[in-house]
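Okay, so here's the structure we're looking at.
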Amino acid sequence: MDFIDYLDSRPIYQQIADRYKQLILTGVMLPDEQLPSVRKLAMELSTNPNTVQKAYAALEREGYVYSVKGRGNFVRANETLKSKQKEELKGKMIDLIKEIQAVGLDPQELFAEVMEEAAEDDRD
């Protein structure tokens with residue numbers, strides 16, 4: 001599993017939580033599917049169990065998973081997660097567009113360049 005990038009500035013627990021969000025939002029993990037136990041994932045990632053527990057707690061707080069005492073953590077069946085994520089991304093994009101405009105660049109031109117590069121990366 002390539003959950004952790006040690007060159008990434010985000011904390012490890014956040015990287016784990018973000019990876020699970022991605023898996024849940026893309027449908028790789030289905031509603032009511034069980035996540036690996038804290039101990040098992042910590043061993044697989046060679047990290048502290050408290051770090052994994054912190055990631056799972058963040059996922060539960062944000063509504064991506066629910067926990068069953070003594071059984072583990074499971075993916076929550078929640079249709080609003082994608083729309084919540086969409087709104088969050090829109091907010092980030094608005095902030096980015098404002099930043100682009102503040103330095104005197106055309107956001108549409110920059111967006112077109114980025115889309116071209118992303119398409120090239122997909123072909124590689």
Taking first residues from segment 1-26 that are without any contact (Cβ under 8 Å) to a residue 24 or more places away in the chain and open to solvent by 50 Å² or more (accessible area, probe 1.4 Å) and second residues anywhere that are in a helix (DSSP H, G or I) and of a type outside the set (D, E), the pairs with Cβ under 8 Å that are 6 or more apart or on different chains are D5/Q15
Every listed condition ((1) in a helix (DSSP H, G or I); (2) farther than 21 Å from V28 by Cβ; (3) among the hydrophobic types (A, V, I, L, M, F, W, C)) holds for A118 save (2)
Counted residues in segment 27-40 being surrounded by 18 or more Cβ atoms within 10 Å (Cβ to Cβ) and either at pLDDT below 95 or touching an Asp or Glu at 6+ places or on another chain (Cβ under 7 Å) (or both) come to 1
Checked segment 63-83 for anything closer than 18 Å to V28 by Cα, surrounded by fewer than 16 Cβ atoms within 10 Å (Cβ to Cβ) and not acidic (D, E); matches are G63, Y66, A77, N78, T80, K82, S83
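Per-residue answers, yes or no, for (1) assigned to a helix (DSSP H, G or I); (2) within 16 Å of Y20 (Cα to Cα); (3) aliphatic (A, V, I, L, M):
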site: F74; (1), (2), (3): no, yes, no
site: A77; (1), (2), (3): no, yes, yes
site: L81; (1), (2), (3): yes, yes, yes
site: K90; (1), (2), (3): yes, no, no
site: G104; (1), (2), (3): no, no, no
Among E60, E113, the single one that is more than 20 Å from the chain's Cα centre (by Cα) and either surrounded by 14 or more Cβ atoms within 10 Å (Cβ to Cβ) or in a helix (DSSP H, G or I) (or both) is E113
Expected output for segment 77-93 (first residue over 21 Å from S67 (Cα atoms), partner open to solvent by less than 80 Å² (accessible area, probe 1.4 Å) and part of a helix (DSSP H, G or I), Cβ below 9 Å, 6+ apart or cross-chain) is Q85/K21; Q85/L25
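The values are calculated or read from the model by the stated rules, or taken from the named source; none is laboratory data. All of these numbers come straight from a predicted model, not from anything done at the bench. So basically every Cβ, Gly included, is an ideal-geometry build from the backbone, and we count neighbours across all protein chains shown. Only protein heavy atoms, including side chains, enter the accessible area calculation; ligands, DNA and RNA are left aside. Shrake-Rupley method; radii C 1.70, N 1.55, O 1.52, S 1.80 Å.
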